[in-house]
């Protein structure tokens, strides 16, 4: 079909369409759209927002409890070292400070060299005091595998 060795020349019917150039053009347009969209989103309009007297910034986003366990098993809440007895009390205080107990959350960062039982103790303590939503910090390169 077109360009063969037969003697038909220009009178042959074109029975197929080559879609490769069409796909190339669509991909280029898609890339341009993606680059333009990311540029538009990253440049927001600068403005000075007014202060509201009745707003409560903590009511919109509840605080997350940050729990850390270093290589020796020492507990930390918000980077402050604490004992096991104080740990459970601070969890209770955190949950009591929330307007809705269901919004209680914790982020746990544990050194990879600690004993498994120490990590389980932290999870168990959080659950006993009502914190059932938690996230575990890991290295970003571990997630890529």
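For the subset of region 110-125 comprising residues that are surrounded by 15 or more Cβ atoms within 10 Å (Cβ to Cβ) and out of contact with any helix residue (DSSP H, G or I) (no Cβ under 6 Å at 6 or more places or on another chain), which member is farthest from residue 91 (Cα to Cα)?
Among those residues, the one meeting the criterion is 114.
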Q) Looking at (1) modelled with pLDDT of 85 or more; (2) not assigned by TED's automatic domain parsing to the domain that holds residue 112, can you tell me which one residue 36 breaks? A) (1)
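The values are calculated or read from the model by the stated rules, or taken from the named source; none is laboratory data. Keep in mind that what you see is a predicted model, and the values were worked out from it rather than measured. Counting neighbours? That spans all protein chains shown, and the Cβs are built from the backbone with ideal geometry, glycine included.
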